[in-house]
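As structure tokens, the structure follows; a few thoughts come after it.
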Amino acid sequence: MEDMGSFLTVDEACRAVSGPRSFLKRLRTILSAEVALLKALVKSPFEKRLVSLRDGAFINTLVLNEHQTEKPVLVLAHGWGSGLGFFAKNLDALAGAYRIYCFDWIGSGGSSRPKFDTSMNVAESEDFFLRRFDEWTKRVGLENEKFILAGHSLGGYLAAVYALQHPERLRGLALISPFGVPDGKESQKRSTTTVSSHPTGAQAPRLTMIATASEATPNNLQSEPANDSHPTASADRLPTKYRVLRGVLRTFWKLNVTPQRILRWTSTASTSWSHDLISKYISRRFASSITSVRERQLLADYLYAISVAPGSAEYAIKTLMHPGAWARAPLMDRLTALSPTVPVVFLYGANDWMDPDAARTLIDKARELGNGNMCLQIVPNAGHYLFIDNPQKFNEIFLQALSRQILGSAVVCADVTNTQRSISSSVLNSSKA
């Protein structure tokens, strides 16, 4: 496959790839919804392209400021079940200081969707994503340039693993509410807490507690995916209805029945009903942060399009996670070995269902081992999607943290006190030094 370069229209993109007509129809729908979302929310000039890989796959890519070489490079990696369009409300602010490369993980968003083998172990599952990501960085011209890698949720987990494998490629690492930080002991401690300890009203913490109860220490990277049917110490403390629901969720987990898979099933019977589920989710989840009905609809159209596309990367939840979203190979046991030459910033929402205490513990452990180049920031009035829940404050804190922790000389993240203009200026000055 030849390199596809930039495309001006969705038709150009679809003509550049080959595949079954049903796949091309889905790709057209995804790219159309994505471009509509971006055009509505991003004022900065941007380029879209499909970047081809050696194995015939392609990576959906968004680039801003590509030729402004005086700016440092920031690569943004989305989380599980989402896509690059989720960063739309942040791109203008970040483009003031960075060359930005956004991409969809292989098997996600508008990227190609090869078969995901659920019999893979953790290392093989990570390689499914990261070998293609590494090739992508070279295809877009970053082979000889260090970059800052920022990943959200599962994208943060994968970004951290990439940093461990290729620290020489990175200028810094930003982990935005990353999945997979707590170890087995931390998971057990959190699983015995009550739902009321989570300040958000979201269902995720409740379902996590029910599905997990407590988990054994994750297996070694090279082992086969663990048997998740072991008894759990705290399961009997749950009310009967929650124990029943927990059993159902665990069964779904083992059978790889993902939310996307359910949507695909329901969409065959009624597209309007399944799309309505997504619209209601978006309206409830982002009720306070997305007040525009048009913007909610654009995000719902986008999320629906990427969710009902053929399943691929979504099935990594079984190979990388225990039920309840605890990592089989937690970063707590791994990231302390990261070279101190790669500064790390953790960012969480104040109402995040991902617990920042695990990151604090990891930072303390790394410091004890001689790596004091990690810090943590909390974004107020925000949950797991902190960059959507409170985009203005996220942008300020994120830019300030990158400037001080990664591009500057300070080791400890400072509170945000400067304006957007002064933040951008400090980043550029640091990049020139």
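The values are calculated or read from the model by the stated rules, or taken from the named source; none is laboratory data. This structure is a prediction, so every number in the text was calculated from the model and none was measured. Quick reminder, even Gly has a Cβ in these numbers, built from the backbone with ideal geometry, and neighbours come from all protein chains shown.
The table below lists the values:
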quantity: Residue check for S52: touching a residue at least 24 places away in the same chain (Cβ under 8 Å) and over 17 Å from D134 (Cα atoms); calculated: no
quantity: Identity of the residue in region 92-133, of a type in the set (D, E) and under 22 Å from E66 (Cα atoms), that ends up farthest from the chain's Cα centre (by Cα); calculated: D92
quantity: Meets criteria (assigned to a helix (DSSP H, G or I) and either at pLDDT 95 or above or under 20 Å from G109 (Cα atoms) (or both)) for Y281; calculated: yes
quantity: Residues of region 257-278 satisfying the condition of being in contact (Cβ under 8 Å) with a residue 12 or more places away in the chain, of a type outside the set (G, A, S) and assigned to a helix (DSSP H, G or I); calculated: P259, Q260, R261, L263, R264, H275, L277, I278
quantity: Qualifying residue in region 191-203 (condition: in a helix (DSSP H, G or I) and modelled with pLDDT of 50 or more); calculated: no
quantity: Residues (aromatic (F, W, Y) and at pLDDT below 95) located in region 8-67; calculated: F23, F58
quantity: Residue, farthest from F87 (Cα to Cα), within region 109-125, restricted to residues that are among the small types (G, A, S) and part of a helix (DSSP H, G or I); calculated: A123
quantity: Residue among L130, L94 that is crowded, with 24+ Cβ neighbours inside 10 Å, in a helix (DSSP H, G or I) and in contact (Cβ under 8 Å) with a residue 24 or more places away in the chain; calculated: L94
quantity: Test: residue in region 328-343 that is part of a helix (DSSP H, G or I), farther than 22 Å from A401 by Cα and of a type in the set (V, I, T); calculated: no
quantity: Within region 146-165, considering residues that are part of a helix (DSSP H, G or I) and hydroxyl-bearing (S, T, Y), the one surrounded by the fewest Cβ atoms within 10 Å (Cβ to Cβ); calculated: Y162
quantity: Residues satisfying the stated conditions in region 120-147, i.e. of a type in the set (S, T, Y) and modelled with pLDDT under 95; calculated: none
quantity: Top-ranked residue in region 353-400 [being in a loop (DSSP other than H, G, I, E, B) and among the aromatic types (F, W, Y); ranked as nearest to A97 (Cα to Cα)]; calculated: Y385
quantity: Among residues of region 133-142, those that are among the β-branched types (V, I, T) and not in a helix (DSSP H, G or I), counted; calculated: 1
quantity: Qualifying residues in region 97-112 (those that are among the polar types (S, T, N, Q) and touching a strand residue (DSSP E or B) at 6+ places or on another chain (Cβ under 7 Å)) - the one surrounded by the most Cβ atoms within 10 Å (Cβ to Cβ); calculated: S111
quantity: Hey, F394 of a type outside the set (A, V, I, L, M), touching a Leu at 6+ places or on another chain (Cβ under 6 Å) and modelled with pLDDT of 95 or more or not; calculated: yes
quantity: Residue under evaluation S425, criteria (1) surrounded by fewer than 17 Cβ atoms within 10 Å (Cβ to Cβ); (2) part of a loop (DSSP other than H, G, I, E, B); (3) of a type outside the set (A, V, I, L, M); (4) modelled with pLDDT under 95, criterion not met; calculated: (2)
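Per-residue answers, yes or no, for (1) surrounded by fewer than 24 Cβ atoms within 10 Å (Cβ to Cβ); (2) touching a strand residue (DSSP E or B) at 6+ places or on another chain (Cβ under 9 Å); (3) at pLDDT 95 or above:
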position	(1), (2), (3)
T266	yes, no, no
S270	yes, no, no
E295	yes, no, yes
Y315	yes, no, no
R334	yes, no, yes
A350	yes, yes, yes
T361	yes, no, yes
C375	yes, yes, yes
